[in-house]
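Structure first, then comments.
The values are calculated or read from the model by the stated rules, or taken from the named source; none is laboratory data. All of these numbers come straight from a predicted model, not from anything done at the bench. Neighbour counts run over all protein chains shown; Cβ positions are idealised from the backbone, glycine included.
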Ligand SMILES: Cc1cc2nc3c(=O)[nH]c(=O)nc-3n(C[C@H](O)[C@H](O)[C@H](O)COP(=O)(O)OP(=O)(O)OC[C@H]3O[C@@H](n4cnc5c(N)ncnc54)[C@H](O)[C@@H]3O)c2cc1C
Ligand code: SF4
Ligand code: SF4
């Protein structure tokens, strides 16, 4: 069925950084089901347009989405006040599949890429006995761009590290690429599942480094971004070679993605 | 009505229709409430349009096709289906260029109400579907309705559509259905199949039903049992057509050829000629890509979602906030060709090309999909030779 969007009410809109906000949505009527960490929704800003946005939180029937305002639709969504309504379609795409990761967990995020990883981290924290050690490595442009600041303290089981591209006065943390944090993390590579999301260059560099350190490619899961209009496999925009990323992604095993990402402009 | 259980195709289930039979066919379909669409001559082309009667078919017209060239020509035999693919295809009707998907209204308190577009009331009958185009319809069936999410607009139009194939007896110079295994004989999926025969014994059609609905319709038309002369002539002219294909594909697995050609030098060669105009994608009967348009009226409180065809040749097609993924024309031609012949298999379980030749004819600079495939094949062989020489 070609679903039309269902109206959801904005019940919260919190600033995460200068250009990024987290919206909390509640169904205005009928509710969508089946959202899981890694999957995404199509969010419609009335009259402006519709864009893919990952699930950034799932609690008590409230759907959270963290949106970075980069263009017409994302800015319109960021500007939604509580009480306003947005259209939601979904859920779409593949999930992180935390359940299949029984060893150590390595979560690596760059920028807005932390948004789809947040519900994964929260799920892992809620069932510590089901997994090994949880490591969260976060890269941000500047300290001001760091998302979910108040939550991070609770995420290191044992390690949660942050690095920035450009420090600001008062920043005492790490500066540089996120892979530099890997030496601080504790994991047994052969027994680790990695979850990566961020700019494609960061994903590629990190995945290469993780392979180098001995994590098997099929245990490196990456979430990829492409243009998407329908999210139902009919518009053709999200192709990456043989993959339709709205259907076969956004979460893809690096064993499948590596040869595709190696081809320029695929 | 796709092939339910096809009645047995025996000599008894075949019959012969004369021109009056075709007249009656259009009349009966219209009486049944179908919008009959078929080929007709307009603006110096054989186009697909609604037919009020069989007299509007392109009797006595043929086409002359070449890369970047299309011309209709008079025929002396009066045949109505001796033309191959024109500028449109059945996707213009099943997957129209522009459809409204839903409308939304916003109340003063911010409440949003969304209304899905009501089902399309038309029930099409397509007369004169070429076997390659029947395969194209089946390919779009899989794309639009074969996955987890079915497209309602397509399904509604398709479910009610009655398909009458006319087998190919006059392939064009740009045709290569034999290479793609889609023609010139009809594969299953039709309600009714016709083969046009024009010889000393007259102008007539060998007819056979593919569905119970087709058989039922055939019974209502003035017909006579199939005679050996007509059956034989029909068979021979289709077999003969198979030997007269204007184009061929290289003798290789096109899927593997595409997967192994992503860094070929040939892409630079074709990119130097391609205008990235997207004509090939608009004319292609299987190309399905679309974009969305969200519009509002002057009040700003009534919004509509439209979907319209879009081409992978558009720079914006792969737009991301950081810039387009496929910025170079090289990568966009490569995307089109490798999708058609290669990755379509991975995505939808078949080739995305049926060998109709439209992309060749309607390319303003005459880029030929078969020539490009041959060139990639040759380049692959040369590379292989080079490797073997190097290994020696
Ligand atoms: C699976 C997936 C999950 C995502 N999750 C998030 C998230 O959690 N938070 C977040 O901030 N961003 C996310 N994005 C990126 C977000 O969708 C884009 O930033 C957004 O589409 C930009 O649209 P715009 O109109 O604001 O900007 P513009 O760059 O002006 O976009 C112009 C138009 O392009 C079209 N478009 C469609 N898909 C995309 C796309 N993927 N990228 C860019 N343009 C697109 C839209 O119609 C859009 O209106 C995700 C993308 C994907 C594919
Ligand atoms: S790619 Fe060209 S020959 Fe193949 S189906 Fe499309 S238009 Fe016809
Ligand atoms: S191949 Fe021809 S028709 Fe297709 S985009 Fe290029 S110039 Fe246009």
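Looking at (1) within 16 Å of ligand 2 (Cβ to nearest atom); (2) touching a strand residue (DSSP E or B) at 6+ places or on another chain (Cβ under 6 Å), which is the only condition residue B:307 fails?
With respect to (1) within 16 Å of ligand 2 (Cβ to nearest atom); (2) touching a strand residue (DSSP E or B) at 6+ places or on another chain (Cβ under 6 Å), residue B:307 is out only on (1).
Would you confirm whether any residue within the range A:169-187 is part of a strand (DSSP E or B), touching a strand residue (DSSP E or B) at 6+ places or on another chain (Cβ under 7 Å), crowded, with 19+ Cβ neighbours inside 10 Å and not assigned by TED's automatic domain parsing to the domain that holds residue A:37?
Of all residues in the range A:169-187, those part of a strand (DSSP E or B) come to A:174-175.
If we keep only those that are touching a strand residue (DSSP E or B) at 6+ places or on another chain (Cβ under 7 Å) as well, we get A:174-175.
Now restrict to residues that are crowded, with 19+ Cβ neighbours inside 10 Å: none.
No - not one qualifying residue is present in the range A:169-187.
Go through the residues of the range B:138-151 one by one and say whether even a single one is crowded, with 23+ Cβ neighbours inside 10 Å, under 27 Å from residue B:297 (Cα atoms) and touching a helix residue (DSSP H, G or I) at 6+ places or on another chain (Cβ under 9 Å).
yes
Which residue is farthest from the chain's Cα centre (by Cα), if the candidates are limited to the range B:346-362 and must be away from ligand 3 (no atom under 16 Å from the Cβ), within 11 Å of chain A (Cβ to nearest Cβ) and buried (at least 19 other Cβ atoms within 10 Å of the Cβ)? Step through it out loud before you land on a result.
The first filter runs over the range B:346-362 and keeps only residues away from ligand 3 (no atom under 16 Å from the Cβ), leaving B:346-351, B:354-355.
Restricting the remaining residues to those that are within 11 Å of chain A (Cβ to nearest Cβ) gives B:346-348.
Those still in the list that are buried (at least 19 other Cβ atoms within 10 Å of the Cβ) too: B:347-348.
Working: B:347: 19, B:348: 16 Å.
In this case the residue turns out to be B:347.
Condition first: modelled with pLDDT of 95 or more, within 14 Å of another protein chain (Cβ to nearest Cβ) and either more than 16 Å from ligand 2 (Cβ to nearest atom) or more than 29 Å from residue B:145 (Cα to Cα) (or both). Can you find one or more residues in the range A:177-199 that meet it?
Within the range A:177-199, one or more residues are modelled with pLDDT of 95 or more, within 14 Å of another protein chain (Cβ to nearest Cβ) and either more than 16 Å from ligand 2 (Cβ to nearest atom) or more than 29 Å from residue B:145 (Cα to Cα) (or both).
With the checklist (1) within 21 Å of residue B:95 (Cβ to Cβ); (2) in a strand (DSSP E or B) in hand, flag the one item residue B:149 doesn't pass.
Residue B:149 satisfies every listed condition except (2).
Do we find that residue A:243 is within 14 Å of another protein chain (Cβ to nearest Cβ) and more than 16 Å from the chain's Cα centre (by Cα) in this structure? Walk me through it before giving the result.
On the way: within 14 Å of another protein chain (Cβ to nearest Cβ): yes; more than 16 Å from the chain's Cα centre (by Cα): yes.
Judged against the criteria, residue A:243 is a match.
Matching residues to (1) within 14 Å of another protein chain (Cβ to nearest Cβ); (2) in a strand (DSSP E or B); (3) surrounded by fewer than 19 Cβ atoms within 10 Å (Cβ to Cβ):
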position	(1), (2), (3)
B:217	no, no, no
B:234	no, no, no
B:240	no, no, yes
B:252	no, no, yes
B:269	no, no, yes
B:286	yes, no, no
B:294	yes, yes, yes
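Residue B:276: over 22 Å from residue B:330 (Cβ atoms), within 16 Å of ligand 3 (Cβ to nearest atom), within 14 Å of chain A (Cβ to nearest Cβ) and in contact with a helix residue (DSSP H, G or I) (Cβ under 7 Å, 6 or more places away or on another chain), yes or no?
Values: over 22 Å from residue B:330 (Cβ atoms): no; within 16 Å of ligand 3 (Cβ to nearest atom): yes; within 14 Å of chain A (Cβ to nearest Cβ): yes; in contact with a helix residue (DSSP H, G or I) (Cβ under 7 Å, 6 or more places away or on another chain): yes.
Spelling it out, it is not the case that residue B:276 is over 22 Å from residue B:330 (Cβ atoms), within 16 Å of ligand 3 (Cβ to nearest atom), within 14 Å of chain A (Cβ to nearest Cβ) and in contact with a helix residue (DSSP H, G or I) (Cβ under 7 Å, 6 or more places away or on another chain).
Please go through the range B:93-123 and give me each residue that is assigned to a loop (DSSP other than H, G, I, E, B), out of contact with any helix residue (DSSP H, G or I) (no Cβ under 8 Å at 6 or more places or on another chain), within 13 Å of another protein chain (Cβ to nearest Cβ) and surrounded by 13 or more Cβ atoms within 10 Å (Cβ to Cβ), ordered by number.
Across the range B:93-123, the qualifying residues are B:110, B:111.
Exactly one condition in (1) at the interface with chain A (Cβ under 7 Å from one of its Cβ atoms); (2) crowded, with 18+ Cβ neighbours inside 10 Å is false for residue B:309; which is it?
For residue B:309, the exception is condition (1).
What is the residue count in the range A:1-41 for residues that are within 10 Å of another protein chain (Cβ to nearest Cβ) and crowded, with 22+ Cβ neighbours inside 10 Å? Explain how you work it out, then say what you get.
Initially, the range A:1-41 is screened for residues within 10 Å of another protein chain (Cβ to nearest Cβ), giving A:1-10, A:28-29.
The next check asks that each one be crowded, with 22+ Cβ neighbours inside 10 Å; those that pass are A:5, A:7-8.
Qualifying residue count, the range A:1-41: 3.
Restricting attention to the range B:328-340, does a residue exist that is away from ligand 3 (no atom under 16 Å from the Cβ) and either in the same structural domain as residue B:83 (by TED's automatic domain parsing) or at negative phi (or both)? I'd like the intermediate steps shown before the answer.
Let us first name the residues in the range B:328-340 that are away from ligand 3 (no atom under 16 Å from the Cβ), namely none.
No, the range B:328-340 contains no residue that is away from ligand 3 (no atom under 16 Å from the Cβ) and either in the same structural domain as residue B:83 (by TED's automatic domain parsing) or at negative phi (or both).
Counting only residues that are over 25 Å from residue B:158 (Cβ atoms) and part of a loop (DSSP other than H, G, I, E, B), how many does the range B:176-215 have?
Of the residues in the range B:176-215, 3 are over 25 Å from residue B:158 (Cβ atoms) and part of a loop (DSSP other than H, G, I, E, B).
Within 26 Å of residue A:252 (Cβ to Cβ), surrounded by fewer than 22 Cβ atoms within 10 Å (Cβ to Cβ) and either within 12 Å of chain B (Cβ to nearest Cβ) or at pLDDT below 95 (or both): which single residue out of A:70, A:88, A:48 fits that description?
A:70
Tally the residues that are away from ligand 1 (no atom under 12 Å from the Cβ) and more than 9 Å from chain A (Cβ to nearest Cβ), restricting the search to the range B:315-343.
Here is the first cut: in the range B:315-343, the ones away from ligand 1 (no atom under 12 Å from the Cβ) are B:315, B:326-343.
Adding the requirement that they be more than 9 Å from chain A (Cβ to nearest Cβ) leaves B:315, B:329, B:333, B:336-337, B:340-341.
Here the count works out to 7.
Being without any contact (Cβ under 8 Å) to a residue 40 or more places away in the chain, over 15 Å from residue A:107 (Cα atoms) and touching a helix residue (DSSP H, G or I) at 6+ places or on another chain (Cβ under 6 Å): is that true of residue A:241 here?
Considered against the rule, which asks whether it is without any contact (Cβ under 8 Å) to a residue 40 or more places away in the chain, over 15 Å from residue A:107 (Cα atoms) and touching a helix residue (DSSP H, G or I) at 6+ places or on another chain (Cβ under 6 Å), residue A:241 comes out as yes.
Checking residue A:206 against (1) in a helix (DSSP H, G or I); (2) farther than 17 Å from residue A:104 by Cβ, which single condition isn't satisfied?
The one condition residue A:206 does not meet is (2).
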